[in-house]
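One structure is given below, encoded as structure tokens.
What follows draws every value from the coordinates through simple rules; no lab data is involved. Keep in mind the model is a prediction, meaning the values are calculated, not measured. Cβ atoms come from the backbone with ideal geometry, glycine included; neighbour counts cover every protein chain shown.
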Amino acid sequence: MLAKNIKSISRGFTLIELIIVVAIIGLLAAALFVAIDPAKRIGDANDAQRWSDITAVLNAVLTYTADAQALPTAVSSMTIGIFYPLTGKVVTGGQTAGCTRLGSADAVWTAKVGASFGENLVPGYLATLPLDPAYTTSTGYYLVRNTGNRIVVGACDPFLNSVLTGSMAVQR
């Protein structure tokens, strides 16, 4: 008789409760995904790689200059104010290095015919020329010599149009 007076106790969730919990978890996951912004994180990681590459190229030029008591051949013959693609092979014409950021109005662009910026630096000062994370057909970096006789190495297409350049003064 006692069993008839005790109400049965349910130990599970109803379908409505489960749907509500799943919907709340989905909303929180979507909000977290937007807050994390994976595209920005990937872009920031690529920019960190670009900074590392720019620093490595500048250090290689500086070390070569200290060892040889002269700038690398291709660097010393750069025309002031002209942007050159960072290449490891002879560029024979046009904008073959693929620096889209420097295509037209941003800068004077040239492909340095008959010279290679990597010929004096690889493999003695750099294991290989660095490759920009966004490029497959070129290094994605450029060099320019400013009027103050500074060598500038930059990334062609940094994330969110930020400017990534490093420079060093040269004595000639």
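For the pair Thr136 and Ile24, a Förster radius of 41 Å applied to the C-beta separation gives a FRET efficiency near 0.45, rounded to the nearest 0.05. With both labels modelled 7 Å from their Cα along Cα-to-Cβ, the Leu62 to Arg150 distance reads 1.3 nm.
With a cut-off of 12 Å between beta carbons, the residues surrounding Met168 carry a summed charge of +2, where Lys and Arg count +1 and Asp and Glu -1.
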